[in-house]
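These notes are about the structure you will find just below.
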Amino acid sequence: MNYLIIATRIASYALALIVIIALGFIWHYRDIPADALVVTYSSPDSKFLSIDGVRFHYRDEGPRDAPAVLLVHAHWASLIMWDEWASALSDKYRVVRFDMAGHGLTGLDPTGDYTLERGVKLLEQFNNAVDLKRFDIVGTSLGGTHAIHYTIKNPDHVNRLVLLNPGALNAGVRGRDTASALPWWIDALTVITPQSFFQFMLEGGYGDPNTVPESVVKRWHELQMGTGHRKAELERTRQYVSGDIVGKIKKLSVPTLIMWGEENPVVTVDQAYEFIDLLKNSPDRQLSIYPGLGHMAALEDPKITARDIRRFLDGTHRFDDYSKKEL
């Protein structure tokens, strides 16, 4: 038999095997239908409403006529990250939280617009839809940046602002007026997304990487496997522009609490003191630093962080953790 024919057949078999393996991976990491995720991750308090083409998942807990608190989650996360906080507040406060577009149980944005401006606009429309007129707003990481932009645009709606490890001042985005390009290979995550990716990402955000619960990794992975969510998250990253975030922080004129994990590897603790410096237009600026905690402080120690947000909102404790820097 001709050696060329043999080589050709071997190459054909090898290619066929590679294709079969690739298709197997794609099938294994296929999207999870929204209905299946709703069955697993909704609760009796879950509600849904459509805003400008986006089907939002949210929860509205506590007395309807009580002072309201709006909780805005981080990138890649969901409203579930606030469970302990909602439990700690809902006896006295109306606690509203939602999944951003392309997160959790909220659907995709049909416009394909995942910019910060679009996110803030949807937030305004959401607040109107659930009749939030005057409230405290809490944001962590990307949610903190949304909270800053919202407060600047709607100062008459916000009583107090709480920022937990906000990513706004990260060196890579400070003052950036153009979105950053992602490497070409990153789009492979829209097809093959192992749970280990989320394990790696969460470990990179915890003060102690060894304390990441398997249940949290599993939840983040499964919710991000919702139909179209992976592509939406990459689009959000590609479209993200922080704008004049330093100028906006300087203009904040509401009482503000900054909460920061001292071991935060994503946005380092020195930025907490930079925030306090910039907040000189705020009538009351407070700071609380958490030893041992990192970027995911609300997940790492939900009891302590939930206790402190309650103490701040109740006005029973003042947070003046300025020990590492004179203001």
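Please verify whether Ser253 is surrounded by fewer than 18 Cβ atoms within 10 Å (Cβ to Cβ) and outside any helix (DSSP H, G or I), treating the condition exactly as stated.
yes
Would it be correct to say that Lys251 is modelled with pLDDT of 95 or more, over 24 Å from Val162 (Cα atoms) and more than 15 Å from the chain's Cα centre (by Cα)?
no
List the number of the failed condition for Asp308; all other conditions in (1) buried (at least 17 other Cβ atoms within 10 Å of the Cβ); (2) more than 19 Å from the chain's Cα centre (by Cα); (3) part of a loop (DSSP other than H, G, I, E, B) hold.
Failed condition: (3).
Specify which of the listed residues (Leu189, Leu293, Leu279) is of a type outside the set (S, T, N, Q) and under 16 Å from Leu169 (Cα atoms).
Leu279
Enumerate the helices (runs of 4 or more DSSP H) found wholly within the range 189-243, keeping only those where 1 or more residues are closer than 25 Å to Tyr150 by Cα.
Because the criterion is at least 1 residues that are closer than 25 Å to Tyr150 by Cα, the helices (runs of 4 or more DSSP H) in the range 189-243 that meet it are 229-239.
Write out, first by first residue and then by second, each pair whose Cβ atoms fall under 8 Å of each other, whose residues are 6+ apart or on separate chains, and whose first residue, in the range 52-74, is on the phi > 0 side of the Ramachandran plot while the second is assigned to a strand (DSSP E or B).
Note: pairs meeting the criteria are Gly62/Arg94; Gly62/Val95.
Could you say whether any residue in the range 62-70 is under 25 Å from Arg230 (Cα atoms) and in the same structural domain as His221 (by TED's automatic domain parsing)?
No, because not a single residue in the range 62-70 is under 25 Å from Arg230 (Cα atoms) and in the same structural domain as His221 (by TED's automatic domain parsing).
Can you give me the number of residues within the range 256-284 that are within 21 Å of the chain's Cα centre (by Cα) and part of a loop (DSSP other than H, G, I, E, B)?
Qualifying residue count, the range 256-284: 8.
Specify the residue that is farthest from Thr140 (Cα to Cα); the eligible residues are those in the range 263-305 that are of a type in the set (Ser, Thr, Tyr) and surrounded by 19 or more Cβ atoms within 10 Å (Cβ to Cβ).
So the residue we want is Ser282.
Do the conditions hold for Asp320, that is, is it at pLDDT below 95, farther than 25 Å from Met100 by Cα and among the acidic types (Asp, Glu)?
yes
What are the residues in the range 225-245 that are closer than 26 Å to Thr268 by Cα and either acidic (Asp, Glu) or at pLDDT 95 or above (or both), if any?
Within the range 225-245, Glu233, Glu235, Asp244 meet the criteria.
Of Leu299, Leu287, which residue is part of a strand (DSSP E or B) and out of contact with any Ser or Thr (no Cβ under 8 Å at 6 or more places or on another chain)?
Leu287
Within the range 136-194, take every residue that is among the polar types (S, T, N, Q) and either loosely packed, with under 13 Cβ neighbours inside 10 Å or not assigned by TED's automatic domain parsing to the domain that holds Gly247 (or both) and give me the one that is modelled with the lowest pLDDT.
Looking at the filtered set, the residue picked out is Thr178.
So is Lys251 in the same structural domain as Gly292 (by TED's automatic domain parsing) and closer than 28 Å to Leu108 by Cα or not?
No; evaluated as a whole, the condition is false for this residue.
The values are calculated or read from the model by the stated rules, or taken from the named source; none is laboratory data. All values derive from a computational prediction rather than experimental measurement. Using ideal geometry, Cβ is built from the backbone for each residue, glycine included, and neighbour counts are taken over all protein chains shown.
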